[in-house]
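Q: The structure that follows is given in the form of structure tokens.
The values are calculated or read from the model by the stated rules, or taken from the named source; none is laboratory data. Keep in mind that this is a model prediction, so the values were computed, not measured. With ideal geometry, Cβ positions are generated from the backbone for all residues, glycine too; neighbour counts draw on all protein chains shown. Accessible surface is based on the protein model in full, side chains and every heavy atom, while ligands, DNA and RNA are left aside. Shrake-Rupley method; radii C 1.70, N 1.55, O 1.52, S 1.80 Å.
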Amino acid sequence: RSVYDGEEHGRFMEKLEARIRNHDREIEKMCNFHYQGFVDSITELLKVRGEAQKLKNQVTDTNRKLQNEGKELIIAMEELKQCRLQQRNISATVDKLTLCLPVLEMYSKLREQMKSKRHYPALKTLEHLEHTYLPQVSHYRFCKIMVDNIPKLREEIKEVSMSDLKDFLESIRKHSDKIGETAMKQAQQQRNLDNIVSQHPRISSGKKSKKEVCASSDLEVKNTSPMSEQDSGILDVEDEDEDEEVPGAQDLVDFSPVYRCLHIYSVLGARETFENYYRKQRRKQARLVLQPPSNMHETLDGYRKYFNQIVGFFVVEDHILHTTQGLVNRAYIDELWEMALSKTIAALRTHSSYCSDPSLVLDLKNLIVLFADTLQGYGFPVNQLFDMLLEIQDQYSETLLKKWSGVFRNILDSDNYSPIPVTNEEVYKKIVGQFPFQDAELEKQPFPKKFPFSEFVPKVYNQIKEFIYACLKFSEDLHLSSTEVDDMIRKSTNLLLTRTLSNCLQNVIKRKNVGLTELVQIIINTTHLEKSCKFLEEFITNITNVLPETVHTTKLYGTTTFKDARHAAEEEIYTNLNQKIDQFLQLADYDWMAMEPGSKASDYLVDLIGFLRSTFAVFTHLPGDVDVHSTMSGKVAQTACMSACKHLSTSLMQLLLEAEVRQLTLGALQQFNLDVEECER
């Protein structure tokens, strides 16, 4: 730098030249020193060049050969490379298909399940597809289509399962009476079985209780076959003979549509919607079932069909309650039952009031008891039904009274009002067997002989017993104590005696053209019926096992009834006699201006006294128990005689004192006196 900056360029160049010359001399010296070696090296190098040329030629030749030979290998390697690439692609494809195939298989399975209407399994398949398989292959276009279809498929399953449920509901509505009929048959069988067991306790060891029978007959609803989806809900059951075992009510119904729909809606998170829909529909059906047909009261079948439908409805609901968790609950069932109970009782009150046939009322009562027992077997409270039966019992008594009124009328109208003639021992024993009558004097008499009473006595007595039996029939299975049954029978029998029979007897006594002989026979008959009342008391005691001296036991009023009838008959006799006397007196034709009296009593009076004599002969020649009837007829005859004489004397006095008789002759008075003397005689 200082050379360039300074002025000494020339000097520097000189020094530099000198240094170069020194170096050249040193190089030259060194070369001279190594020259021979250099020459030798060049010589060697020249030799090597020749050898190198040879080697080059060999390498070139070898390379050419190698290139020729390697062409096939390169082609093979290229092919191998392509194969490896394909192999890698195939492997990747297989891996992808391995992921896609299960998705496609599941989708195919889903479609198959949908086609065969196995909707609950289809829903499970759909869940697996959505949560397990599709996420692994979500980037494929077909998967996106599937994902888009899933909500639609869910909605389709929902709609179809709801459609199945609607079919099921419609089907059980139509078949409720069949289900109920089967349940009531089952209850009847159980009751018969209980009766047999109570009579033969040893038989009971191998029998199942009703609940066990019901439990064993419940359907295995969880393991439903694919085709069961197409069932209407009711399985066909042929009518069975009485001897064969009746299938359980649940055996008649395929509940799988309900369970499937419930599961499907639960899985879809819409269980509450399903529960509300089911309950609402069943409430509607309940109202329809509880609406009785307008002509239900006409036949027992009308009532039976009505009860069958109600039982069928509640058997289904009870089964649903015990086989589903919360679809229906106890509160809902109780609410429905309360509604059903009130409507049923109201319907029965209305329709039973139209019924005038006691046998139909009795059959209805038995049907109501079976209806109550059936539902009680399923845990429903039925006390109100039994309370209502006590109301129907009063109505039954009224229909019985109407029926027996007709029976008594027929007996009294068809009676000949003459003592029953007996020609042999067999007939005598038959009548004594029908009516409690004992008379040592009559037994000693030879055949033919006569009972003092006419045929209506044993007939009426037996009909009173038949009435008591009819009352007893109604009290069966009402869970009443023997005292209550006894009280019921006695009250009804008292009504029969004091109202029905009493009215019939009064009508016979008061009817026109009734003869004195008939009236006398009625007095005798009612006396014997009055005596038979104690035997009726014993009869009731024997069938109810309640002693008459028990507190609150109602007494029979038969004695009063027959006494009243007898008194009415006596009064009718007196009235009849007086009317006859009046008829004879109308024939009296006195000539109040006659100058001379007749030689004898007036013809009308002679005829009147002849009539009275023959009439009182009826009283004095009564057959049968002489002591009893002579005393009784004697009193009646005496009273009748007193009444007739008093009436005749009063009537004769009125004849004499009539306003029309303005003047009399002595002859007329003497004729009148003859008549009075004839009466005295």
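Q: Please report, in Å, the Rg and the Dmax of the range 18-174, where both are computed over Cα atoms only.
A: 43.4, 139
Q: Here is a further query. In nanometres, what is the gap between the two model label sites at Asn513 and Val676, each 7 Å from Cα along Cα-to-Cβ?
A: Once both label points are built, they end up 4.0 nm from each other.
Q: Given a Förster radius of 41 Å and the C-beta distance between Thr650 and Lys534 as r, what FRET efficiency does 1/(1 + (r/R0)^6) yield to the nearest 0.05?
A: That gives a FRET efficiency of 0.45.
Q: What translational D, rounded to a whole number of µm²/s, comes out for the chain from Stokes-Einstein when the hydrodynamic radius is the Kirkwood one over Cα pairs, at 4 °C and 1.567 mPa s?
A: Rounded to a whole number, D works out at 34 µm²/s.
Q: Based on DSSP H runs of at least 4 residues, each adding -39500 (n - 2.57), what is the mean residue ellipticity at 222 nm of the chain after dividing by all its residues, to the nearest 500 deg cm²/dmol?
A: -25500 deg cm²/dmol
Q: In debye, nearest 20, what is the charge dipole magnitude of the chain about its Cα centre with +1 on Lys and Arg Cβ and -1 on Asp and Glu Cβ, if you could check?
A: Dipole about the Cα centre, nearest 20: 3720 debye.
Q: Let me ask another. At 18 angstrom or more along the helix axis (alpha-carbon based) and mean Kyte-Doolittle of 0.5 or higher, what helices does the chain contain? Whole DSSP H runs only.
A: 358-377, 603-620
Q: Would you mind putting 343-355, 118-130 in packing order, based on average other-beta-carbon counts within 10 Å, highest first?
A: 118-130, 343-355
Q: With each label point set 7 Å from Cα along the Cα-Cβ vector, what nm distance links Glu7 and His322?
A: If labels sit at Glu7 and His322, their model points lie 14.0 nm apart.
Q: Additional query: Share of Cα-Cα pairs in the range 432-471 beyond 11 Å, in percent?
A: 70 percent
Q: Of Gly667, Pro381, Val422, whose Cα points farthest to the positive end of the dipole of the chain (charges on the beta-carbon: +1 Lys, Arg; -1 Asp, Glu; origin at the Cα centre)?
A: Pro381
Q: Can you tell me which lysines have their Cα less than 18 Å from the Cα of Lys65? Leave out same-chain residues fewer than eight positions away.
A: Lys54, Lys56
Q: Estimate the FRET efficiency between Lys600 and Asn542 by the formula 1/(1 + (r/R0)^6), using the beta-carbon distance for r and 56 Å for R0, to the nearest 0.05.
A: My answer for the efficiency is 0.25.
Q: Test of understanding: extend the Cα→C-beta vector of Ile90 to 7 Å, then name every residue of the range 60-80 with backbone N under 17 Å from that spot.
A: 79-80
Q: A follow-up question, please. Could you give the dipole magnitude of the range 312-395 about its Cα centre, charging the beta-carbon of Lys and Arg +1 and that of Asp and Glu -1, in debye to the nearest 20?
A: Roughly 100 debye, rounded to the nearest 20.
Q: List the aspartates and glutamates whose Cα sits under 17 Å from the Cα of Lys343, skipping any in the same chain fewer than 8 residues away.
A: Within reach: Asp334, Glu335, Asp387, Glu391.
Q: At 0.36 nm per residue, and after removing the present C-alpha to C-alpha distance, how many nm does the segment from Met593 to Leu664 gain when stretched out fully?
A: Length difference between fully extended and current span is 25.0 nm.
Q: Still on this structure, I have one more. Expressed in nm to one decimal, what extension gain is obtained for the pair Ile431 and Glu14 from 0.36 nm per residue of sequence separation less their Cα-Cα distance?
A: Full-extension gain reported as 130.9 nm.
Q: In addition: Under a 1.4 angstrom probe, counting protein chains only, how are Glu78, Glu51, Glu72 ranked by accessible area, largest first?
A: Listed by decreasing accessible area, they come as Glu72, Glu51, Glu78.
Q: For the range 39-96, just the Cα atoms, rotate onto the principal axes and tell me the three extents in Å, largest first.
A: Per principal axis, max minus min of the Cα coordinates gives 77, 21, 5 Å.
Q: Provide the solvent-accessible area of Arg64, counting protein heavy atoms only and rolling a 1.4 Å probe, rounded to the nearest 10 Å².
A: Number for this one is 130 Å².
Q: What does the net charge come to around Leu587 if you take all other residues with beta carbon closer than 12 Å to its beta carbon, with K and R at +1 and D and E at -1?
A: Around Leu587, the charge tally is -3.
Q: Give me the net charge of Met162's neighbourhood, meaning all other residues with Cβ under 12 Å from the Cβ of Met162; Lys, Arg count +1, Asp, Glu -1.
A: Taking every Cβ under 12 Å from that of Met162, the sum is -2.
Q: Let me ask another. When only Cα pairs under 8 Å and 6 or more residues apart are kept, what is the percent relative contact order across the chain?
A: Averaging sequence separation for qualifying contacts and normalising by length gives 9 percent for the chain.
Q: Strictly over 27 Å apart at the Cα level, which of Lys115/Lys166; Lys430/Lys512; Lys403/Lys473; Lys450/Lys646 would you flag in this model?
A: Going by Cα-Cα distance, Lys430/Lys512; Lys450/Lys646 fall outside the 27 Å limit.
Q: Same structure, new question: Within a Cβ distance under 9 Å of Ile522, other residues only, what is the Lys/Arg minus Asp/Glu net charge?
A: Residues near Ile522 contribute -1 overall.
Q: Quick one: putting +1 on the C-beta of Lys and Arg, -1 on the C-beta of Asp and Glu, what dipole do you get for the range 113-166 around its Cα centre, in Debye to the nearest 20?
A: Using Cβ point charges on Lys, Arg, Asp and Glu, the range 113-166 gives about 140 debye.
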